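Presented below is the structure to which this report refers.
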């Protein structure tokens, strides 16, 4: 039985490639079932986040794996994606990679909190769809154990922050003090909620929440003392904001060049900042070219991350040691499965019980 992982992330591919492959959480189940039916691969888990798209597969037929991967990455390949954007890992290397992902070692924000939940959601979705079996069940259960252990036994996640905190840090870097700023948040999901929390910590002058589901905008605004607008009203009032932080779940850009050009005419030369943390992006790429408009996306946040890395090397080394220990144990279990001796070994029971 061959275990294989292939994907791309913020280290290997720019945002315009990553967004071609983004799958919203509500479509994971149907995507998994469709892929299984077309390829005949029984065990598949897909991990799709704002900074990565990865496939974990298990099959005895290498040809089926090749077919599945081609189908998965076809959207990006149609955009002339170089093969250098992709990374691939067989067997224990796949386990090592997933364990590092769950531990927050492969994230843009080292030790971030969200990724462990995203790995769990990917596994739960695949398990519910019936596309996991013995090998992927053990692999993903173990990855969750590794992620929790790293966060318990090291300080890697202490003060790690999140993409939302980076977005607010970027706004502060560009504008300095945020206390006199008027901020609009597009979207009312989990990312928007975290963004609102960080904005309050910086005592912004005011903030508006605009969302397609008005009730969700009202709920978020009420909890943090902001103003709620419908999505249409938000677009109309965007000209009054200093910063617009975008985090909708739209499958295409909602901030179009023609909208921004008209809006900038009303602003009379006042600059406007967009911080786009959505995947796919909310802001159309051509908006970058409009005078006095400044757009920052997920890739631009890397500059802030780089400044924070040096102080956390000790915790990173401790986390890497835990990952490596668990990779060796998983590798031993995998070898026992392939030799038919797993019931005689302690690896299987330890893996399952610890998870």
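Scattering from the chain was approximated by placing one identical point on each alpha carbon and applying the Debye formula without solvent; log10 I(q)/I(0) at 0.08, 0.11, 0.15 1/Å stands at -0.43, -0.78, -1.28. Taking every DSSP beta bridge that has both ends in the chain, the antiparallel portion is near 45%.
Here 168, 305, 163, 146 are placed in order of increasing Cβ neighbour count within 10 Å, fewest first, which gives 305, 163, 168, 146. Principal-axis analysis of the Cα atoms of the chain puts helix 214-224 at an angle of about 80° to the longest axis.
Could you tell me the distance between the Cα centroids of segment 1-34 and segment 272-329, to the nearest Å? Centre-to-centre (Cα) distance: 18 Å. Cβ crowding within 10 Å ranks 58, 218 as 218, 58, fewest other Cβ atoms first.
Taking the C-alpha atoms only, the angle from helix 313-339 to the longest principal axis of the chain is near 40 degrees.
Between 130, 189, 269, the residue with the greatest mean-square fluctuation in the GNM of the chain (Cα pairs under 10 Å linked by springs) is 269.
The mean sequence separation of alpha-carbon pairs under 8 Å and at least six residues apart, normalised by the residue count of the chain, gives a relative contact order of 17 percent.
Note on residue 202 and residue 222: with the Förster distance fixed at 25 Å, the Cβ-Cβ geometry gives a FRET efficiency of about 0.80. The order of 266, 151, 256, going from fewest to most other C-beta atoms within 10 Å of their C-beta, is 266, 256, 151.
The Rg/Rh ratio for segment 163-296 is 0.92, where Rg is the radius of gyration of the alpha carbons and Rh is the Kirkwood radius.
For segment 163-296, calculate the relative contact order in percent as a whole number, restricting contacts to Cα pairs under 8 Å that are 6 or more residues apart.
Working: 254 pairs, mean separation 30.6, N = 134.
The normalised contact order for segment 163-296 reaches 23 percent.
Where a number appears in this text, it was derived from the coordinates with a stated rule and is not lab data. Note that the structure is predicted; figures quoted are calculated from it, not measured. We place every Cβ from the backbone using ideal geometry, glycine too, and count neighbours over all the protein chains shown.
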